[in-house]
1. What's the number of the only condition in (1) under 30 Å from residue 57 (Cα atoms); (2) without any contact (Cβ under 8 Å) to a residue 40 or more places away in the chain that residue 176 fails to meet?
2. With the structure loaded, tell me whether residue 157 is surrounded by fewer than 21 Cβ atoms within 10 Å (Cβ to Cβ) and either within 25 Å of residue 247 (Cβ to Cβ) or at pLDDT 95 or above (or both) or whether it fails that test.
3. Spot the failing condition for residue 41; the list is (1) of a type in the set (Lys, Arg); (2) more than 13 Å from the chain's Cα centre (by Cα); (3) surrounded by 15 or more Cβ atoms within 10 Å (Cβ to Cβ); (4) under 27 Å from residue 230 (Cβ atoms), and only one is missed.
4. Look through 152, 161 and report the one residue that is touching a Leu at 6+ places or on another chain (Cβ under 7 Å) and either in contact (Cβ under 8 Å) with a residue 40 or more places away in the chain or hydroxyl-bearing (Ser, Thr, Tyr) (or both).
5. So, in the stretch 210-247, exactly how many residues are touching a residue at least 60 places away in the same chain (Cβ under 8 Å), within 16 Å of the chain's Cα centre (by Cα) and assigned to a loop (DSSP other than H, G, I, E, B)?
6. Out of the residues in the stretch 70-85 meeting the condition of being surrounded by 20 or more Cβ atoms within 10 Å (Cβ to Cβ) and aliphatic (A, V, I, L, M), tell me which one is nearest to residue 24 (Cα to Cα).
Amino acid sequence: MDHDEAARLRSEPLRVAAMFGRIAGRYDLLNTLMTAGLDRRWRRLAAVEAGLGPGDRGLDICCGTGDLTIELARMYRHSAVVGLDLSEPMLARARRKVRRAGINGWDDGGRVCFVRADAHEPPFPAAAFGAVTAAFGVRNLPDLPRAFSALLRVTRPGGRLVCLEITTPPPGPGRRFHAFWFERCVPLLGRLIAGDGAAYSYLPASVRAFPEADGLARLLHEAGWRSIRFRRLGMGIVALHVAERPSVAVGEAS
């Protein structure tokens, strides 16, 4: 799949959701194989950066099968957490994983719930969350400026956005490994294990179409986020961005 095909697919969120629904049963296994299990460690780092305080709620967008949602619920036992995604098969697996993890959902008086919704239009009131997180999902959003602005609205002043995403590494060994692994090996794994080569051909194409780490930081700034920083992980193949909603809205007098 080339850049243009990936862009056309990403412009239709329901098609992307349907694609992820097809691979929901093998999604976790493929994540483990693609990252040699490092994705779990990276999600824990993202959860630490969320920094949820007493009384805060967390929102995990593009939550997929719920691994980061569950990590947030485990780490911040005083906080309620909402997982949001457009793919109902992925959400169904997330709900089952929450039960297996021994964490009660909201229907059982617990702290975790999952909502099928579009991250461009999160159906929540302003300043509802102390942190918004995303792990390997914002790459699939067709309008990042719109999404980042919408997420700013639902984050309280001083709250954080934490974004963990595959990125193109700087020139060097990491970029060469990235090209070999994601361009050649990942689509092959997708065909052999998930039975869906198209979905895993989309992955490297979507990374090529996605802003590099510096560019993503600029988009966050343009959307009104501040105190933006990022670090590279896994030979530069993954970037972890952290940003804060300013206490005074951009453009307001203090």
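The values are calculated or read from the model by the stated rules, or taken from the named source; none is laboratory data. Quick caveat: nothing in here was measured; it's all calculated off a predicted structure. Glycine also receives a Cβ, built like all others from the backbone with ideal geometry; neighbour counts cover every protein chain displayed.
1. Residue 176 satisfies all of (1) under 30 Å from residue 57 (Cα atoms); (2) without any contact (Cβ under 8 Å) to a residue 40 or more places away in the chain except (1).
2. When the stated conditions are applied, residue 157 passes them.
3. Every condition holds for residue 41 apart from (3).
4. Among 152, 161, only 161 is touching a Leu at 6+ places or on another chain (Cβ under 7 Å) and either in contact (Cβ under 8 Å) with a residue 40 or more places away in the chain or hydroxyl-bearing (Ser, Thr, Tyr) (or both).
5. 3
6. So the residue we want is 84.
Table: residues versus (1) modelled with pLDDT of 95 or more; (2) under 22 Å from residue 116 (Cβ atoms); (3) touching a helix residue (DSSP H, G or I) at 6+ places or on another chain (Cβ under 9 Å).
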residue: 5; (1), (2), (3): no, no, yes
residue: 9; (1), (2), (3): no, yes, yes
residue: 15; (1), (2), (3): no, yes, yes
residue: 44; (1), (2), (3): yes, no, yes
residue: 49; (1), (2), (3): yes, no, no
residue: 59; (1), (2), (3): yes, yes, yes
residue: 66; (1), (2), (3): yes, yes, yes
residue: 79; (1), (2), (3): no, yes, yes
